[in-house]
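What follows is a single structure, written as structure tokens, with notes after it.
The values are calculated or read from the model by the stated rules, or taken from the named source; none is laboratory data. All values reported here derive from a predicted model rather than from experimental measurement. Cβ coordinates were reconstructed from backbone atoms using ideal geometry, including for glycine residues, and neighbour counts include every protein chain displayed.
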Amino acid sequence: MRLSRSERYAAGPVLRLDMMSAGESGEVVDVRGGPRMVRRLAEMGLVPGARLSVVGGWGGRGPVMVRLGGGKLGLGRGMARRVLVRPA
């Protein structure tokens, strides 16, 4: 069953991925952006419901490194800003 956007937000606080610290984990709640950006992030596995953990890159500079589905992924800050995560 797929939850509506309002139902996904109702379950607790949500942060932008670029605001999370190394060692934090959570679940993707929403991906913001135009159709091409959303599709690109979905191709990387960043879809609502996906679980991830931040492994590096916090501090406002450089890419945000996340562990997602058994692999690591580096996202530029602009892309990471578009991913909303509910911390676990």
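Summary of values
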| quantity | calculated |
| --- | --- |
| Residue list for the range 43-79, filter: hydrophobic (A, V, I, L, M, F, W, C) and closer than 14 Å to VAL29 by Cβ | LEU46, VAL47, ALA50, LEU52 |
| Hey, VAL64 among the β-branched types (Val, Ile, Thr) and at pLDDT 95 or above or not | no |
| Any chance VAL55 is among the aliphatic types (A, V, I, L, M), at negative phi, more than 12 Å from the chain's Cα centre (by Cα) and at pLDDT 90 or above | yes |
| Filter result (hydroxyl-bearing (Ser, Thr, Tyr) and either free of Cβ contacts under 8 Å to residues at least 12 places away in the same chain or out of contact with any strand residue (DSSP E or B) (no Cβ under 8 Å at 6 or more places or on another chain) (or both)) within the range 52-85 | none |
| Given (1) at pLDDT 95 or above; (2) under 10 Å from the mean Cα position of the chain (by Cα), number of the condition LEU75 does not satisfy | (1) |
| Exclusive hit being of a type outside the set (Gly, Ala, Ser), buried (at least 16 other Cβ atoms within 10 Å of the Cβ) and part of a loop (DSSP other than H, G, I, E, B), set LEU52, LEU46, LEU73 | LEU46 |
